[in-house]
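Participant: Right, I'll just put the structure down here and ask away after.
The values are calculated or read from the model by the stated rules, or taken from the named source; none is laboratory data. This is a predicted model, so every value here is computed, not measured. FYI the Cβ positions are ideal-geometry reconstructions off the backbone, even for glycines, and counts take in every protein chain you see.
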Protein chains: 4
Amino acid sequence: MSEDPHIDDESATQPKKRTGGRSARVRAQVLKAALEELVDCGYSGFKMGRVATRAGVHETTVYRRWPTKEQLVTDACMDLADEHLPVPDTGDLETDLRIVLSNIVKLMSSPEGRHLVFLSMSTRTIPEFEEVGPDFWRTRLSIGQQVFDRAVARGAWPANYDKELVFAELLGPLIATYFLLNKEIDEAYIDERILQIMRLAD
Amino acid sequence: MSEDPHIDDESATQPKKRTGGRSARVRAQVLKAALEELVDCGYSGFKMGRVATRAGVHETTVYRRWPTKEQLVTDACMDLADEHLPVPDTGDLETDLRIVLSNIVKLMSSPEGRHLVFLSMSTRTIPEFEEVGPDFWRTRLSIGQQVFDRAVARGAWPANYDKELVFAELLGPLIATYFLLNKEIDEAYIDERILQIMRLAD
Amino acid sequence: MSEDPHIDDESATQPKKRTGGRSARVRAQVLKAALEELVDCGYSGFKMGRVATRAGVHETTVYRRWPTKEQLVTDACMDLADEHLPVPDTGDLETDLRIVLSNIVKLMSSPEGRHLVFLSMSTRTIPEFEEVGPDFWRTRLSIGQQVFDRAVARGAWPANYDKELVFAELLGPLIATYFLLNKEIDEAYIDERILQIMRLAD
Amino acid sequence: MSEDPHIDDESATQPKKRTGGRSARVRAQVLKAALEELVDCGYSGFKMGRVATRAGVHETTVYRRWPTKEQLVTDACMDLADEHLPVPDTGDLETDLRIVLSNIVKLMSSPEGRHLVFLSMSTRTIPEFEEVGPDFWRTRLSIGQQVFDRAVARGAWPANYDKELVFAELLGPLIATYFLLNKEIDEAYIDERILQIMRLAD
DNA sequence: GGATAAGCGAGACGGTACGTCTCGTCTTTTG
DNA sequence: CAAAAGACGAGACGTACCGTCTCGCTTATCC
């Protein structure tokens with residue numbers, strides 16, 4: 001009768017309470033599975049039951065922690081969002097910007113990240129994700145702001161520029177090229193963009 | 001307000017396909033209802049049954065013409081997309097661009113247009129709308145191209161510029177500001193963008 | 001089949017619910033399956049899904065007509081209750097009573113009827129069946145009343161007897177023997193009961 | 001909430017289950033809560049979790065002792081059944097019967113007892129309570145038997161009467177009146193029943 | 001009196017069933 | 001004949017409850 005479908009190879013090393021306790025493990029598995037599901041099927045094709053199966057977990061277990069689809073998707077995405085967040089401080093504005101933009105582009109280019117970024121743009125169109133966008137971009141904006149603030153302190157950037165505006169000018173074309181024109185973004189394009197922005201400082 | 005779909009005042013005289021025939025009227029009603037539904041509930045909250053009710057039509061009637069949700073949404077949006085498409089030719093590049101961008105912004109700012117534009121960006125994330133984006137932007141791109149081509153012919157714009165790139169640079173910041181930063185777009189911002197682009201021509 | 005063109009009991013006069021229509025067929029199948037389920041598993045083991053399977057019908061279809069378990073059980077039982085309801089009038093009180101009691105015992109002895117009768121006794125203990133009991137016994141009581149009324153008219157039964165009381169005295173021992181002592185009821189026992197009651201008339 | 005250590009009235013004789021021990025207290029609380037739950041919600045509405053809450057005890061604790069719902073319900077009921085069991089011996093059959101019947105009616109009239117008696121009649125319809133009925137009535141039957149046996153010995157009752165039959169004739173009408181006709185039982189009705197039975201002895 | 005065993009609280013999990021909802025198909029009725 | 005009306009199959013959704021399990025802690029019991 002003792003059937004253990006989930007071989008916990010961790011329990012062999014330390015059966016006691018650990019960072020990788022069952023709860024934490026389940027959470028990680030489900031979140032990972034949710035991301036896969038999102039990538040494979042898109043949001044509208046996202047099925048809770050399939051996530052449970054992918055995660056090797058019972059469906060009720062998923063609902064216990066994430067009562068609705070939106071919450072699971074949001075949680076899975078936000079978990080992802082917290083990665084890739086180094087705040088560059090190389091002393092050179094161009095280099096800093098290159099790092100910031102590259103990080104976003106890298107995220108955006110990955111299958112999961114693509115959905116994350118897309119969801120962050122759904123604020124106006126998908127009621128249930130009204131807050132994902134602001135949550136997501138707030139952090140990015142503040143990183144950009146820090147970079148520019150330091151540049152202003154160094155005298156490498158004029159103080160009177162609206163930071164949000166610059167952010168939109170830097171990022172907008174990348175977004176448009178990627179999501180709208182359906183073309184990939186390479187380093188050269190990022191450089192080109194930065195170069196153009198830098199001309200505003202003159 | 002009082003619209004009784006059962007009053008077939010024209011079907012008796014001309015039951016066949018006419019501009020104002022029942023078929024055409026039903027199509028218009030459903031498409032209009034679909035757009036309303038999309039605006040009110042978003043794509044993932046879009047319900048066929050509710051569209052039928054809104055249109056004062058039986059659900060089966062909707063399915064007869066648009067077998068799936070995606071087709072109805074696509075059809076309703078594309079119907080909308082065909083409006084607002086004047087190709088400006090004022091002889092002045094800046095003015096032409098201002099008109100082109102204004103049209104897009106105007107569309108984007110309307111509740112229905114917002115969804116249309118958003119859908120057009122879903123190419124990479126919503127499998128069933130893979131083709132909506134290209135379909136939608138192809139026309140806009142060609143309009144932009146024509147404007148620039150004429151400017152090139154007039155010597156008002158360098159010939160070697162990648163037209164798609166310029167398109168992304170013009171539109172991207174608007175998209176980012178609107179969908180990402182969640183801020184409205186005014187005429188001044190459009191002007192600013194155009195001014196900045198024009199500096200590339202120098 | 002009928003020769004008389006005026007008697008079109010269902011085909012023409014009632015085109016809405018033809019006896020052989022899909023709806024009617026489904027209803028009959030489900031009700032039959034529900035009764036089987038009740039017999040096999042008892043009320044607390046009664047599963048909607050299993051009823052659907054038994055009926056060869058999708059679960060949703062069951063819920064469409066009977067939103068809750070109680071309604072389905074009630075409906076299935078009441079459908080059954082409407083059978084076995086001849087009102088005897090032989091001119092002899094004893095014979096009439098024998099027929100009435102036999103009918104109840106016959107119902108009670110069948111696997112489905114047992115549950116029906118049991119449910120009809122659940123008024124005080126199963127909140128959701130509060131009304132099944134009264135509904136069920138009202139008819140039986142009135143039949144008994146008619147039998148006794150006719151006997152009174154014939155001078156074969158005193159007028160001053162409480163009819164409900166007599167009903168309880170006739171039926172009670174049968175119920176007790178069957179449900180409480182867990183013994184079967186035969187004709188002889190019924191006769192004995194009637195004989196005993198008749199002594200009250202002397 | 002702490003136990004008074006001086007009340008050890010049974011600790012010497014029965015150290016295993018001290019009256020004031022935690023175990024015994026928990027058992028009593030849960031059983032009491034179970035009875036309340038049964039009264040309030042009926043068997044089919046009986047929820048283990050709610051019993052735990054009522055008892056101020058964790059759900060696991062309930063399951064530890066009563067692995068299934070049926071066991072808890074049965075246990076709670078049977079606990080109750082052991083009360084109200086004096087065996088009358090007044091020397092007068094009528095009086096003895098009056099006491100026996102009154103006890104059953106008293107039990108039946110109480111909210112908890114009503115369920116107990118009802119369950120005892122579920123032998124044929126609720127598989128999991130197949131044995132509750134026999135268990136419950138066996139004791140009552142034997143008490144009745146003793147009463148009649150004594151009467152036979154006194155020559156106050158004929159020897160050839162089937163005791164079970166008499167039991168059914170005595171109790172049946174009460175059961176029918178109470179559970180079926182949904183009317184209360186008073187002392188007068190009991191007296192009337194006994195009177196009628198006594199006529200059989202003549 | 002300290003070790004040991006038994007029981008409890010807390011909380012997650014697998015699993016079954018419930019009842020709701022939507023999608024897209026199909027049949028029956030009506031104009 | 002085509003549209004309206006309405007049921008149906010399919011299946012996801014989210015909730016509720018049942019019964020099991022593990023872990024940490026507090027009692028009781030025994031040496």
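Participant: Report, by residue number, each residue of segment D:168-194 that is within 11 Å of chain C (Cβ to nearest Cβ), touching a residue at least 24 places away in the same chain (Cβ under 8 Å) and under 20 Å from C:MET198 (Cα atoms).
Facilitator: Within segment D:168-194, D:GLU169, D:LEU170, D:LEU171, D:LEU174, D:ARG193 meet the criteria.
Participant: Moving on. Considering every residue within segment B:93-110, establish whether at least one is in a helix (DSSP H, G or I), modelled with pLDDT under 95, touching a Leu at 6+ places or on another chain (Cβ under 8 Å) and at the interface with chain A (Cβ under 9 Å from one of its Cβ atoms).
Facilitator: Checked against the condition, which is being in a helix (DSSP H, G or I), modelled with pLDDT under 95, touching a Leu at 6+ places or on another chain (Cβ under 8 Å) and at the interface with chain A (Cβ under 9 Å from one of its Cβ atoms), segment B:93-110 yields no hits at all.
Participant: Can you tell me which residue is farthest from DNA strand E (Cβ to nearest atom) among those in segment C:51-75 that are exposed (fewer than 14 other Cβ atoms within 10 Å of the Cβ) and under 20 Å from C:HIS115 (Cα atoms)?
Facilitator: C:GLN71
Participant: So in segment A:38-85, with the set limited to residues that are within 14 Å of chain B (Cβ to nearest Cβ) and in a loop (DSSP other than H, G, I, E, B), which one is farthest from DNA strand F (Cβ to nearest atom)?
Facilitator: So, considering only residues that are within 14 Å of chain B (Cβ to nearest Cβ) and in a loop (DSSP other than H, G, I, E, B), the one farthest from DNA strand F (Cβ to nearest atom) is A:GLY42.
Participant: Additional query: Quick one: D:GLU130 ticks every box in (1) closer than 19 Å to C:LEU119 by Cβ; (2) modelled with pLDDT of 90 or more except a single one, so which number is it?
Facilitator: (2)
Participant: Within segment A:44-95, which residues are closer than 30 Å to A:ASP149 by Cα and of a type in the set (Ser, Thr, Tyr)?
Facilitator: Filtering segment A:44-95 down to residues closer than 30 Å to A:ASP149 by Cα leaves A:77-95.
Listed by number, the residues that qualify are A:THR90, A:THR95.
Participant: Next question. Name the helices (runs of 4 or more DSSP H) wholly within segment B:115-202 that hold at least 3 residues that are more than 27 Å from A:GLY133 (Cα to Cα)? Show your work before the answer.
Facilitator: On the way: elements: B:132-154, B:163-175, B:187-201.
Result: B:132-154, B:187-201.
Participant: Next question, about the same structure. With the checklist (1) closer than 22 Å to D:LYS106 by Cα; (2) under 19 Å from the mean Cα position of the chain (by Cα); (3) not basic (Lys, Arg) in hand, flag the one item D:ASN182 doesn't pass.
Facilitator: (2)
Participant: I've got another one for you. Look through B:ALA33, B:ALA28, B:ALA24 and report the one residue that is closer than 16 Å to B:CYS77 by Cα, assigned to a helix (DSSP H, G or I), modelled with pLDDT under 90 and not acidic (Asp, Glu).
Facilitator: Details: B:ALA33 fails: modelled with pLDDT under 90; B:ALA24 fails: closer than 16 Å to B:CYS77 by Cα.
Exactly one residue qualifies, and that residue is B:ALA28.
Participant: Now for a separate question. Enumerate the pairs (first residue in segment A:45-72 and within 11 Å of A:ALA33 (Cα to Cα); second residue anywhere and assigned to a loop (DSSP other than H, G, I, E, B) and near DNA strand E (Cβ under 7 Å from one of its atoms)) with beta-carbon separation below 7 Å, excluding pairs fewer than 6 apart on the same chain, so at least 6 apart or on different chains.
Facilitator: A:ALA52/A:HIS58; A:GLY56/A:HIS6
Participant: Just checking, how many residues over segment B:114-134 are more than 8 Å from chain A (Cβ to nearest Cβ), farther than 14 Å from A:SER44 by Cβ and surrounded by 22 or more Cβ atoms within 10 Å (Cβ to Cβ)? Steps first, answer last, please.
Facilitator: Within segment B:114-134, the first condition is being more than 8 Å from chain A (Cβ to nearest Cβ), and the residues that meet it are B:116-117, B:119, B:129-132.
Within this subset, residues satisfying the condition of being farther than 14 Å from A:SER44 by Cβ are B:116-117, B:131.
Checking the rest, the ones that are also surrounded by 22 or more Cβ atoms within 10 Å (Cβ to Cβ) come to B:116-117.
Summing the residues that are more than 8 Å from chain A (Cβ to nearest Cβ), farther than 14 Å from A:SER44 by Cβ and surrounded by 22 or more Cβ atoms within 10 Å (Cβ to Cβ) in segment B:114-134 gives 2.
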